[in-house]
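Everything below concerns the one structure shown next.
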Amino acid sequence: MYFLTFLIKNLTRRKTRSLLTILGVAVAVGTMVTLRGISYGFESSFVESFQHRGTDIVVVAAGQADQLRSDLDEKICEQLQHIPGVKTAWPGLLEMIDITRGTSVSSALIHGWRPNTPLFDDLTLLDGRSLQKGDPHEVLLGTTLASTLNKKVGDTIEMQQEPFRVVGIFRSFNVYENGGVVIALDELQRLMDRKGRVTGFSVVLEPAEDRAGTVERVCKEIETLKDEQGRPYKIMAQESKQYVSGTLYIQLAHGMAWITSAIAAFIGAISMLNTMITSVLERIKEIGILRAMGWRKGRVVRMILGESMLLSIAGGVVGVLGAVLVTRWLATVPEVNGFVRGDVSPVIMMQGFVTALVVALVGGTYPAYRAAHWLPTEALRHE
Amino acid sequence: MSESEPLLAALRVCKVYPDGKVAALVDLSLEIARGDYVAIMGPSGSGKSTLLNLLGALDEPDRGEIRFEGKPLNAYGNLDEFRSRRIGFVFQSFHLLPTLTALENVQIPMFEGPLRAAQRAQKALELLQTVGLSHRLQHLPSRLSVGERQRVAIARALANDPPLLLADEPTGNLDTRTANDVLDLFAALHRDRGMTLVVVTHSDEVALRAERVVRIRDGRIIEDTRLCTPRTPTHEIPIIAHAQGRGPDLV
Ligand SMILES: Nc1ncnc2c1ncn2[C@@H]1O[C@H](COP(=O)(O)OP(=O)(O)OP(=O)(O)O)[C@@H](O)[C@H]1O
Ligand SMILES: [Mg+2]
């Protein structure tokens, strides 16, 4: 008989309890992997959306944690283009907008872009045509949003009590854009009453040998730009990756994922602790027998910790598999699929397993200690 | 260790349990020679189990010391390891693990030994053959008769080839016939393998099978009688010999 066989026999003695504990760990690990998977997917989608378009630097208003509240003068764009080392720059206006669907309203991100900027090159038109300069009341819909709203090319959507005609349906490499609306920048400025204002700029640099150095220099120059009256703009320029991890939504997503995971892991550890204490208390006499047969304290500790590890590993496997399935499923749910990528990174799966092992250690250590420190004679007398 | 050195000795041991008002053992001294077969008798509560626990390193005396082969027990370092290699315990209520088969129960002490899983199973099989249970290998304790359970427990006590077997009322839960089977087994272990046996009992019949009877009352020895001279063991027969049919069968 292997030691492992003995541990498994001990666990299968109370099948329901073992299964419930495995379920507890699975829920903890699954919650963690799902939430962290989503929040990291969220971040990497954003990073990708900049990198894919070659955006090296993102320029937004300084001191504004909420990206959606950044508000800058569109004219800065021309100044950016004149900075040495900058290849091109384009403005963007990002808003959250309500789209009326009969009696209900759903929110979506709306991107205001200048027609003819390279941004449009990344949209694969599935149907219809792209936006043209001077088209009022025309929009492109991301494929996900189009199916959520059940709209086709030629249909009309209503935003801010104004009708807009859907001229094209696109697919982007970026899931958030797939869940959003693209509209001409000046149309969005008019619609939102933000004439000449934008959320920020994407800056593309000329290829340079010392990229990091160039990024740093250009960022400094951007931040010292001044308006016609010689007053400095309150703007912040950051490398795109750094910008993404600093945005409020990313941090919120990480923070929420982290806190919820921590609570789930804590509950998992408590349930493990409860299971293992009960299990040790009902086996006091058996532990006495093992000690009388010459088992060292260390082996009793290994037995109890081994049992909690086995439960945790089973819970970890179930939890990670569950998380992968739930994430895949979430990516197909219309209400959220603009925000969830269907994949979970292996790093986060590993974190899930590590959490399971921590749960085993936290939940198993005290019971193991209790079990090992009974005097053999006392334990044997126990009924 | 000299030839005359006792295998096991208690030197003026005292034991008072934390909640006990009276001392369970009072200044008790006892020597047990290698190869001896000792019965310990006495009324209930006289301290027999307490003494056996001290002799088997399951518990420690408050005063005095236990010596094994002339060395105090605490010189052996880890008492668990000492127990696993040198002591086999047999209890009145068998103390088998209910979820393990006979074959698995016998392997429990071997986890502290050098054997690998397959070797453990092989050795357990041989031990169960020795106690005459080769037809009950996969039975759970609940499906064995009480006599069979005690024989599994004896096989388990032999798992690490200890020189010393300590039994606390081993026949207390058995009827006369199965008790005799167990006593025959003890006699064979004593005779063929030269094991030293210490058996706590209330029964005169059990005590008469021993070579020496020690009577205890109120934690003190009141009588120590030798029934016959101990046979000096010639050699220890390894258990393998029985299994391969080279040695005499014990049952
Ligand atoms: N763990 C303990 N805590 C407190 N008192 C104990 C403990 N174990 C034994 N005693 C007491 O110590 C004394 C000796 O007990 P012991 O069990 O050694 O007697 P015994 O001779 O084995 O009796 P029995 O024949 O009934 O088994 C008794 O008075 C008993 O009540
Ligand atoms: Mg007793």
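The values are calculated or read from the model by the stated rules, or taken from the named source; none is laboratory data. Because the structure is predicted, anything quoted here is derived from the model rather than measured. Here the Cβ is made from the backbone with ideal geometry for all residues, glycine too, and neighbour counts use every protein chain on show.
The table for this structure:
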| quantity | calculated |
| --- | --- |
| Residue within the stretch B:87-98 that is away from ligand 1 (no atom under 16 Å from the Cβ) and part of a helix (DSSP H, G or I) present | no |
| Total residues in the stretch B:1-31, condition at pLDDT below 90 and over 16 Å from B:LYS48 (Cβ atoms) | 8 |
| Pair list, Cβ < 9 Å and 6+ apart or interchain, from the stretch B:68-97 residues that are under 17 Å from B:GLU112 (Cβ atoms) and more than 10 Å from every other protein chain (Cβ to nearest Cβ) to residues that are within 16 Å of ligand 2 (Cβ to nearest atom) and assigned to a loop (DSSP other than H, G, I, E, B) | none |
| Of all residues in the stretch B:139-181 being part of a loop (DSSP other than H, G, I, E, B) and among the hydroxyl-bearing types (Ser, Thr, Tyr), the one that is nearest to ligand 2 (Cβ to nearest atom) | B:THR171 |
| Condition met for A:ILE38 (touching a helix residue (DSSP H, G or I) at 6+ places or on another chain (Cβ under 8 Å) and either surrounded by fewer than 19 Cβ atoms within 10 Å (Cβ to Cβ) or of a type outside the set (A, V, I, L, M) (or both)) | no |
| Answer residue from the stretch B:56-67, given it is in contact with a strand residue (DSSP E or B) (Cβ under 6 Å, 6 or more places away or on another chain) and of a type outside the set (D, E, K, R) and is nearest to ligand 2 (Cβ to nearest atom) among those | B:GLY56 |
| Filtered residues of the stretch B:98-123 (kept if small (Gly, Ala, Ser) and either within 8 Å of chain A (Cβ to nearest Cβ) or over 23 Å from B:GLY194 (Cβ atoms) (or both)) | B:ALA102, B:ALA117, B:ALA118, B:ALA121 |
| All helices (runs of 4 or more DSSP H) inside the stretch A:270-383 with 3 or more residues being within 14 Å of chain B (Cβ to nearest Cβ) and surrounded by 19 or more Cβ atoms within 10 Å (Cβ to Cβ) | A:284-292, A:297-330, A:376-381 |
| Matching residues, the stretch B:99-138, being in a loop (DSSP other than H, G, I, E, B) and among the β-branched types (Val, Ile, Thr) | B:THR99, B:THR101, B:VAL131 |
| Which numbered condition B:GLU223 misses (of (1) without any contact (Cβ under 8 Å) to a residue 40 or more places away in the chain; (2) within 16 Å of ligand 1 (Cβ to nearest atom); (3) within 23 Å of A:ILE289 (Cα to Cα)) | (3) |
| Matching residues in the stretch B:37-65 - criterion: being away from ligand 1 (no atom under 15 Å from the Cβ), under 20 Å from A:LEU380 (Cβ atoms) and away from every other protein chain (no Cβ under 14 Å) | none |
| Extreme residue, farthest from ligand 1 (Cβ to nearest atom), among residues of the stretch B:11-26 that are among the aliphatic types (A, V, I, L, M) and surrounded by 22 or more Cβ atoms within 10 Å (Cβ to Cβ) | B:VAL13 |
| Test: residue in the stretch B:6-13 that is farther than 16 Å from B:ALA57 by Cα and β-branched (Val, Ile, Thr) | no |
| Meets criteria (at positive phi, of a type outside the set (Lys, Arg) and either crowded, with 21+ Cβ neighbours inside 10 Å or within 16 Å of ligand 2 (Cβ to nearest atom) (or both)) for B:GLY70 | no |
| Members of the stretch B:27-53 found to be away from ligand 2 (no atom under 16 Å from the Cβ) and either basic (Lys, Arg) or surrounded by fewer than 17 Cβ atoms within 10 Å (Cβ to Cβ) (or both), listed by number | B:ASP27, B:SER29, B:GLU31, B:ARG34 |
| Of the criteria (1) within 15 Å of ligand 1 (Cβ to nearest atom); (2) out of contact with any helix residue (DSSP H, G or I) (no Cβ under 9 Å at 6 or more places or on another chain), which one B:PRO6 fails | (1) |
| Yes/no for B:LEU166 being of a type in the set (A, V, I, L, M), in contact with a Phe, Trp or Tyr (Cβ under 7 Å, 6 or more places away or on another chain) and within 16 Å of ligand 1 (Cβ to nearest atom) | yes |
| Test: B:ARG136 is more than 16 Å from ligand 2 (Cβ to nearest atom), within 10 Å of chain A (Cβ to nearest Cβ) and surrounded by fewer than 22 Cβ atoms within 10 Å (Cβ to Cβ) | no |
| Among (1) over 17 Å from the mean Cα position of the chain (by Cα); (2) closer than 15 Å to A:ALA28 by Cα - the single one A:VAL326 does not satisfy | (1) |
| Residue match in the stretch B:8-26 (condition: farther than 19 Å from B:VAL214 by Cβ, within 14 Å of another protein chain (Cβ to nearest Cβ) and within 16 Å of ligand 2 (Cβ to nearest atom)) | yes |
| Of all residues in the stretch B:172-196 being of a type in the set (S, T, N, Q) and touching a residue at least 60 places away in the same chain (Cβ under 8 Å), the one that is surrounded by the fewest Cβ atoms within 10 Å (Cβ to Cβ) | B:ASN173 |
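Every residue, every condition in (1) modelled with pLDDT of 50 or more; (2) within 16 Å of ligand 2 (Cβ to nearest atom); (3) assigned to a loop (DSSP other than H, G, I, E, B), yes or no:
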{"position": "B:HIS202", "(1), (2), (3)": "yes, yes, yes"}
{"position": "B:ALA210", "(1), (2), (3)": "yes, no, yes"}
{"position": "B:VAL213", "(1), (2), (3)": "yes, no, no"}
{"position": "B:ILE222", "(1), (2), (3)": "yes, no, no"}
{"position": "B:THR225", "(1), (2), (3)": "yes, no, no"}
{"position": "B:CYS228", "(1), (2), (3)": "yes, no, yes"}
{"position": "B:HIS235", "(1), (2), (3)": "no, no, yes"}
{"position": "B:ASP249", "(1), (2), (3)": "no, no, yes"}
